[in-house]
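The values are calculated or read from the model by the stated rules, or taken from the named source; none is laboratory data. Computed from a predicted structure; not experimentally measured. Methodologically, a virtual Cβ is constructed for each residue, glycine included, from the backbone with ideal geometry; neighbour enumeration extends over all protein chains shown.
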Amino acid sequence: MENIHDFRLPAINLIGVGALKDLPLELIPYKLSKALIVTDKNIISLGHVEVVEKILKDLSISYDIFDGILHPDCTISFVEDALTYFKKGLNILKRDYHFIISIGGGTNHDCAKGIAIVATNGGDIEDYEGYKKLKKPSLPVIAINTTSGSGSEVSDSTIVRDNSRRVKMVITDPKMMPIISVNDLRFMTTMPPKITANSGIDVLTHSIEGFVAIEASPITDTLAINALKLVFEYLRRAYKNGNDMEAREKMMFAGVMGGMILNNAGLGYVHSMSHQIGALYEEMHGACNAALLPHVLEFNSISIPEERILKISETMGVKATNKQDAINKIKNGIQNLAEDIGLPTHLSSIGIDKDDLELLSKNAEKDICSSTNPRRGTFVDIMNIFKAAM
Ligand SMILES: [Fe+2]
């Protein structure tokens, strides 16, 4: 019986304190001469773009900057704004820019990938919703990360909010995998505590969802267990003291591993449901995950082997005697961590209206992340998970 586990990530991943200094050497062989930088005004004000501009100037690579991204999510309009930014049309964009450099967190990388897709494939970004819909490789993307958590810099997915349909689209295709990712700790020291908390819980969720996802493999298992361990050891420290460089560095590595996990093991209902809350409420992704993860884990537990549940609790440093004991302790551990870093543990406290649960459940059922959830649920099951998380 066939049992295939592809493992994809960018060809080059520069990781560590000062990692950006290796970017010029990696860029030279590509012989690229014009870049479009995709970022936002905050990242510019922090001085991160200026550092990259100097590298491009030294390499005689010309560039333009699109800084029109607003947080917290990539939307269709941000992608469209970028495509029309220079008022030259798509063909000029395709001809003039050899590659895109995204500087920022997941939102900026997602927008950059969206622009890169349409630049070479034409049409509208909505045309590519789903799995492997691209006809041609996207423009090459170099993703320079300034937060640690989304994993977008090492994934071949982009998540784009469609405000007219009130959904978040997931577009997945190896043809848009960034060619180079950069995770340089020096760009991450400016992350405020709220972002540290949200992105840290996102890493935790990628680790647990990926560990129990149906596409998990021994490779992603190793990444998931290591990332989970790092989150429980270092996230509280990184949140409490942004200058704790050891904690920041460990969380950066956990974030990269989380991206590799989600890209290769898939995720599950926490992300399906969290995506759709984000589409309606613009609530931060990590906060939604924190409230949903314990309840999705409870729902999934019947389909997860006992030894895998016990492995999660053991990695969290919790002793459990059996599967249900472990589930209870994992749920408490997640909720305690969320409380300690200022995140809500209930959806009602982030303002989710119970009248929206039907629409949220309908959209979550269709979300691509549902396809790798370990237990197949119905619309009613998903609705019940939402209710339990309220
Ligand atoms: Fe996530």
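Scoring GLY278 on the criteria (1) within 20 Å of ASN336 (Cα to Cα); (2) within 13 Å of the ligand (Cβ to nearest atom) leaves a single failure, condition (1).
Checking the structure you have, find out if any residue of region 180-187 is surrounded by fewer than 18 Cβ atoms within 10 Å (Cβ to Cβ), in contact (Cβ under 8 Å) with a residue 12 or more places away in the chain and of a type in the set (Asp, Glu). No, because not a single residue in region 180-187 is surrounded by fewer than 18 Cβ atoms within 10 Å (Cβ to Cβ), in contact (Cβ under 8 Å) with a residue 12 or more places away in the chain and of a type in the set (Asp, Glu). From the list GLU307, GLU298, GLU314, GLU283, the lone residue that is of a type in the set (D, E, K, R) and part of a loop (DSSP other than H, G, I, E, B) is GLU283.
Taken as a whole, the condition of being in contact (Cβ under 8 Å) with a residue 12 or more places away in the chain and closer than 24 Å to ASN226 by Cα does not apply to ALA320. Here LEU267 fulfils each of the conditions (1) within 14 Å of the ligand (Cβ to nearest atom); (2) not in a loop (DSSP other than H, G, I, E, B) apart from (2).
Across region 281-313, which residue is surrounded by the most Cβ atoms within 10 Å (Cβ to Cβ) among those that are modelled with pLDDT under 95 and away from the ligand (no atom under 15 Å from the Cβ)? In this case the residue turns out to be TYR281. Of all residues assigned to region 207-226, none qualifies as being buried (at least 24 other Cβ atoms within 10 Å of the Cβ) and within 16 Å of THR147 (Cα to Cα). Of the numbered criteria (1) part of a helix (DSSP H, G or I); (2) among the charged types (D, E, K, R); (3) under 23 Å from the mean Cα position of the chain (by Cα); (4) over 24 Å from ASN226 (Cα atoms), the one ASP355 fails is (3). Within region 122-147, the set of residues being outside any loop (DSSP other than H, G, I, E, B) and closer than 11 Å to ILE171 by Cβ comprises ILE125, GLU126, ASP127, TYR128, GLY130, TYR131. With respect to being in a loop (DSSP other than H, G, I, E, B) and of a type outside the set (Val, Ile, Thr), SER150 fits the description.
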